[in-house]
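Worksheet for the structure shown next.
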Amino acid sequence: MLDALGPWRRYIIAFIAALVFMCCLMVGVWLWASQQLQRELDIPGNELLYKVPAGASLASVSRDLEQKGIIPSSRLLRIYARLTKQGGIRRGEFLLDSDLNSISLLAKLRSDDVVQYHITLLEGWRYQQALDYLHSKANINAELKGLSWEEQKQKLGIDLDHPEGYFFPDTYRYQDGESDVAILKRAHRKLVSILEREWDKKASGLPYKTPEEALIMASIIEKETAKDSERELIAGVFVRRLQKNMRLQTDPTVIYGMGDRYKGNIRRKDLREATPYNTYVIKGLPPTPIALVAERSIYAAMHPDDSSNLFFVAKGDGSHQFSATLDQHNRAVREYQIENRKSNYRSAP
């Protein structure tokens, strides 16, 4: 057949030869590229914490990884990403190990597999304590630092006159560079969800008009005791005092009203000072919660015990003695606060 083509024979043979060569070359390049892409990463110590900053592109990250000798070819990785339509990558910190290759590295950089950190907000803390703790973490973006509450609540999207008590104390996961705003938004949503749920299941006859008043009560319970077995008892005392129009007379509210002036002791003049939070002076609840509140204190505020107790006094070992009458209470005060006061006295567990 080639003889019949006459003078075209040489060109046809040359074309076939070139085609075969190109095919072999392409197969060779493909095999080389595949080998390079599947080559394990060269990571010193077999593990590396690598940070992808906000706004970084695959091009800039791959060039950096090539310069560090971790991947064999930045260009090859970008070509592979373009052909497979995997151009976008996430920001955050990624833990890279020597079991990865360029293909699995790309998949990791596009995934949610970023390094997670944990931060715990403690029950009983004030809002400012929680905020200061967030700002003590160098890898949290402190968007709220130095702002007034009016400015903070705009960023948080919260319409509250006062922030105290409206953030749930819990352990929260976050990634490097996440903001205090994002973490506190989650803490606020969780608090609102728990408060609404417990409000819907509350006992009847409680002296609260709103869930917010129940939250105020829960914050007082939180500061009065850390013993789970006492929370409903404490709640019962305060609920009955409210129902009888008695003052709550609880020290944690006095301390909160003193603010930075509190140095560890409450004096007689502090108990007589008229502040919105001094429940030795005012009747009813203070205007806001006084601390971050655990779920068990919210539950106790909604389900107080049904005894006749109206008083309690710290026994010095972290627990309290409860009394139904003033005479009983005075005897308990003499026993635990005066005559047999413990040398290692403590009011909390």
Region 224-262: number of residues that are within 12 Å of Thr279 (Cα to Cα) and within 26 Å of the chain's Cα centre (by Cα): 2
From Gly146, Gly124, Gly157, Gly88, residue being outside the structural domain of Pro289 (by TED's automatic domain parsing) and touching a residue at least 60 places away in the same chain (Cβ under 8 Å): Gly124
Could you grab the pairs with beta carbons closer than 7 Å, sequence gap of 6+ or different chains, first residue in region 280-295 and farther than 21 Å from Glu198 by Cα and not assigned by TED's automatic domain parsing to the domain that holds Leu191, second one surrounded by fewer than 17 Cβ atoms within 10 Å (Cβ to Cβ) and of a type in the set (S, T, N, Q)? Tyr280/Gln249; Lys283/Asn245
Close pairs (8 angstrom Cβ cut-off, 6 or more residues apart or separate chains): without any contact (Cβ under 8 Å) to a residue 12 or more places away in the chain in region 51-64, surrounded by 15 or more Cβ atoms within 10 Å (Cβ to Cβ) anywhere: Arg63/Ser74
Only unsatisfied item for Gln86, checking (1) under 30 Å from Ala294 (Cα atoms); (2) out of contact with any Gly (no Cβ under 8 Å at 6 or more places or on another chain), is (1)
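Counting only residues that are among the polar types (S, T, N, Q) and under 21 Å from Asp305 (Cα atoms), which one in region 319-336 is surrounded by the fewest Cβ atoms within 10 Å (Cβ to Cβ)? Don't jump to the end; show me each part of the working.
Start the filter on region 319-336 by keeping residues that are among the polar types (S, T, N, Q), which leaves 319, 321, 323, 325, 328, 330.
With under 21 Å from Asp305 (Cα atoms) added as a condition, the list becomes 319, 321, 323, 325, 328.
On the way: Ser319: 17, Gln321: 18, Ser323: 20, Thr325: 12, Gln328: 15.
Ranking the candidates gives Thr325 first.
I'd like to check which helices (runs of 4 or more DSSP H) are fully inside region 238-325 and have at least 3 residues that are touching a Pro at 6+ places or on another chain (Cβ under 9 Å). Spell out how you get there, then give the answer.
Values: elements: 251-258, 268-272, 295-302.
Of the helices (runs of 4 or more DSSP H) lying wholly inside region 238-325, those with at least 3 residues that are touching a Pro at 6+ places or on another chain (Cβ under 9 Å) span 251-258.
Please note which helices (runs of 4 or more DSSP H) are completely contained in region 90-203 and include at least 2 residues that are under 30 Å from Glu224 (Cα atoms).
Values: elements: 102-109, 127-135, 149-156, 180-200.
Of the helices (runs of 4 or more DSSP H) lying wholly inside region 90-203, those with at least 2 residues that are under 30 Å from Glu224 (Cα atoms) span 127-135, 149-156, 180-200.
The values are calculated or read from the model by the stated rules, or taken from the named source; none is laboratory data. No experiment lies behind these values; they were computed from the predicted model shown. Heads up, the Cβs are rebuilt from the backbone with ideal geometry, glycines too, and the neighbour counts pull from every protein chain shown.
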